[in-house]
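Data first, discussion second: the structure below is written as structure tokens.
The values are calculated or read from the model by the stated rules, or taken from the named source; none is laboratory data. Being a predicted model, the structure only gives us computed values, none of them experimental. All Cβ positions, glycine included, derive from the backbone under ideal geometry; neighbour counts span all protein chains shown. Accessible surface areas use protein heavy atoms only, side chains included; no ligands, DNA or RNA. Shrake-Rupley method; radii C 1.70, N 1.55, O 1.52, S 1.80 Å.
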Amino acid sequence: MKKLIDLNADAGESIGRWRLGHDEELLPKVSSVNVACGWHAGDPATMRRSVTLAQAGDTALGAHPGLPDLTGFGRRAMALSPQEAADACVYQYGALRAFADSVGVPVTHIKAHGALYGMTLRDQDLADAVADATTRLGLITVLLAGPTADRAAQRGARVAREAFADLEYRDDGTIIIEPNPEAKDPDACAEKAVGILRGHVYSTSGTRVPVDADTICIHGDRPNAVDVADAITRRFVEEGVRMAPMAEVLAARGA
């Protein structure tokens with residue numbers, strides 16, 4: 001069982017007066033955060049606040065670029081070429097990087113959001129382009145643990161292999177992305193997180209799927225995300241597991 005893991009959260013997804021999630025409570029409970037960069041969610045003020053929260057909580061800051069689809073929250077696939085997908089990630093990273101630089105906070109990683117993340121699983125050329133662009137920026141690429149992440153690592157990317165404590169899995173090890181996340185049983189999510197540390201998840205059919213993860217994700221737009229984070233971190237303490245930013249986890253792995 002792994003005793004060192006990163007716990008990351010997708011957050012920073014409010015827009016103007018519309019508030020989504022409880023970032024002030026959630027960010028101090030995770031070791032890394034992936035901040036929306038304005039295309040699928042987020043706005044300049046939210047990005048600035050997210051950087052400040054990450055700095056205050058000593059939480060590693062990452063960019064969470066998505067598709068330009070505010071109405072669909074970036075969870076509807078679009079037709080992008082591999083180069084267009086890579087450019088979208090670099091462009092959105094640049095927006096967050098400006099806010100981070102203004103207060104001296106480093107951006108450590110890039111993780112695609114929603115449908116764009118799913119597209120990296122179905123289109124290997126697109127995944128390669130995103131990982132290559134992220135590598136040229138000197139950042140960690142966050143990809144689903146399994147063949148996609150393994151290929152990127154073999155190509156020279158510094159990859160954080162990701163698993164999900166609050167999403168369901170198919171038999172092939174891919175995740176089921178929810179259009180509208182609902183509350184999940186926090187204890188069930190914590191049990192899944194511990195299973196990931198032991199090297200497996202169970203699919204919706206009950207199949208045991210092997211998984212080798214460096215980071216475990218929870219979603220800030222889930223109504224009870226804070227309760228989920230609390231349950232997971234409690235189990236980590238009980239199991240003697242230490243949380244650390246993904247850069248530290250990768251260093252321990254020798255990656």
Determine, from the Cβ-Cβ distance of Gln83 and Asp230 and an R0 of 41 Å, the FRET efficiency 1/(1 + (r/R0)^6), rounded to the nearest 0.05.
-> 0.50
When the Cα centres of the range 205-220 and the range 1-42 are compared, how far apart do they sit, in Å?
-> 18 Å
For the range 225-248 and the range 105-124, what is the separation of their Cα centres, given in Å?
-> 22 Å
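I'd like the FRET efficiency for Thr207 and Asp101, computed as 1/(1 + (r/R0)^6) with the beta carbon distance as r and R0 of 45 Å, rounded to 0.05. Walk me through the numbers on the way to the answer.
Values: r = 45 Å, r/R0 = 1.01.
It comes out at approximately 0.50.
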Would you mind computing the Rg to Rh ratio of the chain from its alpha-carbon coordinates, Kirkwood style for Rh?
-> 0.92
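For Ser32, Ser205, give the ranking by accessible area with the largest first, probe 1.4 Å.
Details: Ser32 0, Ser205 80 Å².
In descending accessible area the options line up as Ser205, Ser32.
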5 angstrom amide H check on Ala165, placed H, neighbours 5+ away | Cys217
Candidate lysines - alpha carbon under 19 Å from Lys2, same-chain residues fewer than 8 apart omitted | Lys192
What's log10 of I(q)/I(0) for the range 38-104 at q = 0.12, 0.19, 0.26 Å⁻¹, Debye sum over Cα points only, no solvent?
-> -0.34, -0.76, -1.13
Note on the range 1-66, DSSP bridge orientation, antiparallel percent to nearest 5 equals 10 percent
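Where Rh denotes the Kirkwood radius from the mean inverse Cα pair distance, what is Rg over Rh for the range 1-55?
Numbers: Rg = 12.1 Å, Rh = 11.6 Å.
That ratio is 1.04, to two decimals.
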quick shape note, the range 1-141: Cα extents on principal axes in Å, largest first -> 40, 38, 32
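Of all trypsin sites (Lys or Arg not before Pro) in the range 179-255, which ones are in loop regions per DSSP and have a Cβ with at most 13 other Cβ atoms within 10 Å? Could you put the intermediate results ahead of the total?
On the way: sites: Lys184, Lys192, Arg198, Arg208, Arg234, Arg235, Arg242, Arg253; in loops: Lys184, Arg198.
Qualifying residues, ordered by number: Arg198.
Would you mind getting the accessible area per residue of the chain, heavy atoms of the protein chains only, 1.4 Å probe, in Å²?
On the way: 10540 Å² over 255 residues.
Using a 1.4 Å probe on heavy atoms only, each residue of the chain averages 41 Å².
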What accessible area, in Å² to the nearest ten, does a 1.4 Å probe give for His22?
-> 90 Å²
Mind checking which of Ala60, Ala190, Ala77 has the largest fluctuation in a GNM of the chain, springs on alpha carbons under 10 Å?
-> Ala77
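Just the number, please: percent antiparallel of the DSSP beta bridges in the chain, rounded to the nearest 5. Show your work: numbers first, answer last.
Numbers: 6 of 34 bridges.
Once the DSSP bridges in the chain are tallied, antiparallel ones form about 20 percent.
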Separation between the Asp150 and Leu4 pseudo-spin-labels, each 7 Å from Cα along Cα→Cβ, expressed in nm?
-> 2.3 nm
By how many nm would the segment from Thr71 to Ile15 lengthen if fully extended, with 0.36 nm per residue of separation less the alpha-carbon distance?
-> 19.0 nm
Going residue by residue through the range 129-135, the Karplus relation 6.51 cos²θ - 1.76 cosθ + 1.60 with θ = phi - 60° gives ³J(HN,Hα) values, rounded to whole Hz and with x marking Gly or Pro, of 5, 5, 5, 5, 5, 5, 5
